[in-house]
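> Before we start, here is the structure in question, set down as structure tokens.
Rule-based calculations on the coordinates, nothing more; no lab input. It should be emphasised that the depicted structure is a prediction, and the values quoted were computed from it without experimental measurement. So basically every Cβ, Gly included, is an ideal-geometry build from the backbone, and we count neighbours across all protein chains shown.
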Amino acid sequence: MERRDFLKSAGIAGILAAGRAPAFAQGSRLHVLRWVDFIPACDVELKRQAPEASKALGAEVQFEFINANDLQPRITAAIQSRSGPDIIMMLHNWPHLYQSGLVDVTDLGEWQGKDQGAYYAQSEAAARDGKRWLALPHGIVGLQMAYRKSWFDEVGATSWPKTLEELRQVGMKLKKKGKPVGQTLGHTFGDAPAWSYPLMWNYGAAEVDKSGKKVVLDTKEAVESLKFMQAFWKDACDEGGLAWDDTNNNRAFLAGDISCTLNGASIYIAAKRGQDKIKDDRGEPMVRDIQHGPIPAGPAGSWGYHVAFSHAVMKYSKNEKLAKDFLKWLHGKEQFGKWFEVAEGFSVGSTKHWEKHPLWDRIDPPMKGYRTAAGASRMIGYAGPPSARATEVYSKYIIVDMYAKAVQGMKAEDAVKWAADQLKKIYG
Amino acid sequence: MKNPIAGGAGGAAGVEVALPHPRTSKVQARTLLENERLLAALLLAPAVLLLGTFIAYPFVMGVWLSLSSTTVGTAGTFVGLKNFGKVWNDSIFREAFWNTGFYTFWATVFKLTLGMWLAVLLNRHFRGKRLVRASMLLPFIVPTVLSTFAWRWMFDPTFSVLNWSLYKLGFITTKLPFLSDGAWGLWCAIVVNTWRGMPFFAITLLAGLQTINPDLHEAASLDGANGWKRFWHVTWPLLKPVTLVVVVFSVIQTFSDFQLIYVLTGGGPANSTHLIATYAYQIGVATGLLGEGAAISLTMLPVLFIVVWLQLRYLRRLENA
């Protein structure tokens with residue numbers, strides 16, 4: 001046997017033994033799909049890191065950024081056509097919905113947990129099905145209510161309202177002055193569910209019981225939460241919010257049209273970076289007048305919904321090993337740390353390790369609340385375990401629409417019944 | 001001199017090899033092409049291939065999906081008409097179905113009325129007619145997504161230029177809920193669809209108008225018919241076949257409209273502007289329930305089939321009359 005023939009035979013035997021193509025046979029380009037970040041500098045930082053990753057991995061890393069509302073259709077198309085990006089960013093608990101199309105990344109999930117401490121509950125719920133990691137948690141976008149401090153002071157609210165009812169009272173005075181609260185209840189991925197779900201929880205209502213099989217929405221608590229929302233909407237809110245997506249409230253706030261809105265920290269960071277242009281009514285930089293507060297408590301407590309983000313390796317990818325190597329590089333303390341600093345608190349880590357980062361010591365006071373905000377979150381589908389069905393409820397906007405129907409005039413009891421019927425069809 | 005290889009009828013036996021003569025293959029090809037059936041098949045083949053790939057295959061695939069439990073990433077199994085039953089019991093689907101009918105009916109009525117009016121106007125001679133005709137095509141030329149984005153900004157509940165103008169002119173004291181109220185949202189979509197689809201009606205009807213012999217109008221004028229009577233008794237009967245064809249096309253396009261609603265409202269608020277196509281997309285593509293999504297899509301088929309069949313039947317009666 002000649003040397004060349006021997007090498008050929010050995011190579012084929014090796015591939016057969018490994019059950020997969022050798023690394024050199026994999027593609028030399030890694031395609032990563034993410035949302036267009038609300039903090040543009042975060043995307044710039046990733047683009048800056050791409051050549052470094054390419055050098056470290058010996059393969060070209062390419063980022064693609066699309067509108068977050070278009071991610072789900074893109075994921076479905078990619079899985080069905082078995083082609084597309086090697087890594088796709090997942091929001092909420094989407095990994096459960098798309099799990100059959102995702103590579104098991106348990107090794108990475110466990111590595112990150114050991115490397116960076118215990119995960120926040122919602123990061124784990126979003127990306128782990130109890131046995132295996134479906135995606136690797138990346139960060140959490142904390143959602144707080146951004147408000148205009150001086151306008152709140154003007155109506156006598158010198159501290160952030162502690163209860164939802166107090167918020168309604170303050171909002172009512174502000175709306176009378178032409179400075180309403182602005183909140184989306186439209187068909188959009190972030191702010192609408194992040195407002196609707198906590199409102200349901202803070203009144204003591206939930207989608208399903210702990211088993212995740214029995215729908216428990218049709219209760220007086222849920223009806224009460226809707227009645228509050230009806231009054232809040234009419235008394236305190238800009239009623240145009242029904243048609244808003246996740247960008248409208250940013251624009252309205254920065255234009256001085258609304259006094260308060262539930263949001264990530266993108267409003268504050270945009271106002272800070274554009275101080276010379278974004279001014280308040282006295283001509284001062286608006287950023288100095290922006291404060292943050294959590295969603296105030298309802299009768300059952302104070303919960304928020306902070307959106308968990310993760311990265312999934314797609315099963316159809318020919319670059320599985322390369323993709324995993326890249327995620328280990330990108331999520332490592334060094335690289336993630338640089339990206340985390342650029343985010344300035346808009347995106348926090350998926351583990352509590354990042355609460356100790358020096359960034360929090362030098363960050364502006366209005367941003368400090370984001371440091372631990374993610375700890376007070378529940379996952380969609382509460383009180384049940386995370387599941388594809390919960391994602392289906394989210395994707396169909398059932399909970400959001402329940403509130404939207406109520407503020408449009410449907411009786412609270414009827415809106416709850418409508419939503420409960422929809423949930424029963426989904427949860428079977 | 002004889003070619004010992006190419007052969008021929010008179011070659012010495014056992015020495016010459018019979019190879020096809022180049023002229024023979026040409027003759028054979030010509031004979032084959034003279035076969036009408038074969039030629040027809042050859043000419044039709046590319047079209048059949050294209051139709052099969054881009055229409056028949058997706059359609060059959062859609063039917064299969066609608067009869068299966070396929071979800072994103074899983075093949076699913078045959079479930080018969082279960083998806084259709086589920087869809088029919090879904091209140092959001094029923095709302096979307098109603099919206100689609102309402103949207104199609106009113107958008108078509110407006111497009112036809114305004115398109116006809118424009119066509120009659122453009123059939124007259126006036127200065128700058130060419131410019132007006134060209135500019136009229138603009139809504140038709142601009143990509144739907146882009147133009148709808150512009151409309152969305154105009155209807156924006158907070159920053160609406162329409163609200164601002166109406167307020168400054170003193171017509172309103174509070175903002176109009178263009179896209180934040182379900183009923184308003186659907187009417188806004190009808191307005192945008194009318195704006196976009198009207199040029200198609202106008203241009204096609206204009207082409208129809210120009211085939212009408214002016215002598216007919218002249219004769220009617222001499223008989224004392226006024227403008228309306230001339231339109232109703234001369235223009236309209238002759239324009240009916242063209243109008244029906246345009247309406248058929250418009251109904252198909254409007255009933256299955258997707259882009260406009262997707263960009264303008266995303267089906268919200270609270271599903272009040274969902275059409276069948278946008279709801280099918282939300283369930284099938286965004287939520288990943290491909291079987292259910294396909295079933296929702298396919299509910300358009302019988303409705304459109306009946307509408308188109310009735311209209312074409314009427315058209316045939318007109319032609320035979």
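> Below 10 angstrom from the Cβ of A:Pro299, what's the summed charge of the other residues (Lys, Arg +1; Asp, Glu -1)?
-3
> Shifting gears a bit: Choose one answer from A:Ser159, A:Ser28, A:Ser347: the residue with the largest mean-square fluctuation in a GNM of chain A with alpha-carbon springs under 10 Å.
Maximum among the listed residues: A:Ser159.
> Still on this structure, I have one more. Return the sequence-ordered ³J(HN,Hα) values of region B:58-63 in whole Hz as given by the Karplus equation 6.51 cos²θ - 1.76 cosθ + 1.60 applied to θ = phi - 60°, using x for Gly and Pro.
Ordered by residue, 3J(HN,Hα) equals x, 5, 4, 4, x, 5 Hz.
> Per residue, what volume in Å³ does the Cα convex hull of the protein assembly as shown take up?
294 Å³
> All other residues with a Cβ under 13 Å from the Cβ of A:Gly178 taken together, and with Lys, Arg as +1 and Asp, Glu as -1, what is their net charge?
+3
> Follow-up. Given H placed 1.01 Å from N in the peptide plane, which residues other than close sequence neighbours of A:His311 have an amide H under 5 Å from its amide H?
A:Met90, A:Leu136, A:His138
> Counting only DSSP beta bridges with both residues in the protein assembly as shown, tell me the antiparallel percent, nearest 5.
70 percent
> Starting with the fewest neighbours, write out B:Thr70, B:Thr158 ranked by other beta-carbon atoms found within 10 Å of each beta-carbon.
B:Thr158, B:Thr70
> Please work out the FRET efficiency for the pair B:Arg94 and A:Val36, using the Cβ-Cβ distance as r and a Förster radius of 51 Å; give the result to the nearest 0.05.
Computed FRET efficiency for B:Arg94 and A:Val36 comes out at 0.90.
> Relative contact order of region A:107-245, please, whole-number percent, based on alpha carbon pairs below 8 angstrom and at least 6 residues apart.
Computed value for region A:107-245: 24 percent relative contact order.
> When chain A is modelled as a GNM with alpha-carbon springs shorter than 10 Å, which of A:Ala404, A:Ala222, A:Ala157 fluctuates the most?
A:Ala157
> How much of the DSSP beta bridge set in chain A is antiparallel, as a percent to the nearest 5?
70 percent
> May I ask you to evaluate 6.51 cos²θ - 1.76 cosθ + 1.60, the Karplus curve with θ = phi - 60°, for each residue of region A:309-321 and list the ³J(HN,Hα) values in order in whole Hz, giving x for glycine and proline?
10, 8, 10, 10, 8, 7, 4, 6, 4, 8, 10, 4, 5
> Now for a different question. Do you know the relative contact order of chain A, to the nearest whole percent, from alpha carbon pairs under 8 angstrom that are 6+ apart?
Relative contact order for chain A comes out at 27 percent.
> Right, next: Counting Lys and Arg as +1 and Asp and Glu as -1, what is the net charge of the other residues whose Cβ lies under 10 Å from the Cβ of A:Gln62?
-1
> Oh, and also: In degrees from 0 to 90, rounded to the nearest 10, what is the angle of the helix A:71-81 Cα long axis to the longest principal axis of chain A?
30 degrees
> Short version: ³J(HN,Hα) in whole Hz for each residue of region A:238-252, in order, from phi by Karplus 6.51 cos²θ - 1.76 cosθ + 1.60 (θ = phi - 60°), x for Gly and Pro, what are they?
Using θ = phi - 60°, the values come out as 6, 6, x, x, 4, 9, 7, 9, 6, 9, 4, 5, 4, 5, 5 Hz.
> Largest first, please: the extent of the C-alpha atoms of region B:66-124 along each principal axis, to the nearest Å.
62, 23, 17
> How high is the FRET efficiency from B:Val63 to B:Trp117, r the C-beta distance, R0 35 Å, rounded to 0.05?
0.25
> Relative contact order for region A:184-310 using alpha-carbon pairs under 8 Å, separation at least 6, rounded to a whole percent?
After rounding, I find 33 percent.
> Here is a follow-up. As an exercise, take the mean of 1/r over every pair of distinct alpha carbons in region B:190-248, invert it, and state the Kirkwood radius in angstroms.
One over the average 1/r among Cα pairs gives 12.6 Å for region B:190-248.
> Whole-Å semi-axes of region B:223-321's equivalent ellipsoid, largest first, each the root of 5 times a Cα gyration tensor eigenvalue?
The answer is 39, 17, 7 Å, longest axis first.
> Another question, if that's okay. Most exposed first by the Cβ proxy, i.e. fewest other Cβ within 10 Å, how do A:Glu45, A:Glu207 rank?
A:Glu45, A:Glu207
> Once Lys and Arg get +1 and Asp and Glu get -1 on their Cβ, which of B:Leu318, B:Ser66, A:Ser83 lies farthest toward the positive end of the dipole of the protein assembly as shown?
B:Leu318
> Place a point 7 Å from the Cα of A:Glu355 along the Cα-to-Cβ direction; which residues of region A:124-139 have their backbone N under 16 Å from it?
Label zone hits: A:124.
> Right, something else. Quick query: amide H of B:Asp257 versus all other amide H atoms, modeled in the peptide plane; which residues come in under 5 Å with a sequence gap of 5 or more or a different chain?
none
> Right, something else. Once amide H atoms are built 1.01 Å from N in the peptide plane, which residues 5 or more positions from A:Arg128, or in another chain, come under 5 Å H to H?
Residues meeting the amide H criterion: A:Leu134.
> Also, I was wondering about something else. Anything over 32 Å Cα to Cα? Flag those among A:Lys173/B:Lys168; A:Lys179/A:Lys425; A:Lys333/A:Lys425, in the order listed.
A:Lys179/A:Lys425; A:Lys333/A:Lys425
> Have a look at chain A and give its Rg and Dmax from the Cα atoms, expressed in angstrom.
23.2, 92
> Still on this structure, please answer the following. Would you work out which of A:Ala222, B:Ala270, A:Ala308 lies farthest towards the positive end of the dipole of the protein assembly as shown? Charges go on Cβ: Lys and Arg +1, Asp and Glu -1.
Looking along the dipole axis, the top candidate is B:Ala270.
> With each label point set 7 Å from Cα along the Cα-Cβ vector, what nm distance links A:Glu154 and B:Lys229?
Label at A:Glu154, label at B:Lys229, 6.8 nm between them.
> If r is the Cβ-Cβ distance from B:Leu42 to A:Arg132 and R0 is 51 Å, what FRET efficiency results, to the nearest 0.05?
0.35
> Go ahead and estimate [θ] at 222 nm for chain B from helices alone: -39,500 (n - 2.57) per DSSP H run with n ≥ 4, summed, over the residue count, rounded to 500.
Rounded to the nearest 500, the figure is -21000 deg cm²/dmol.
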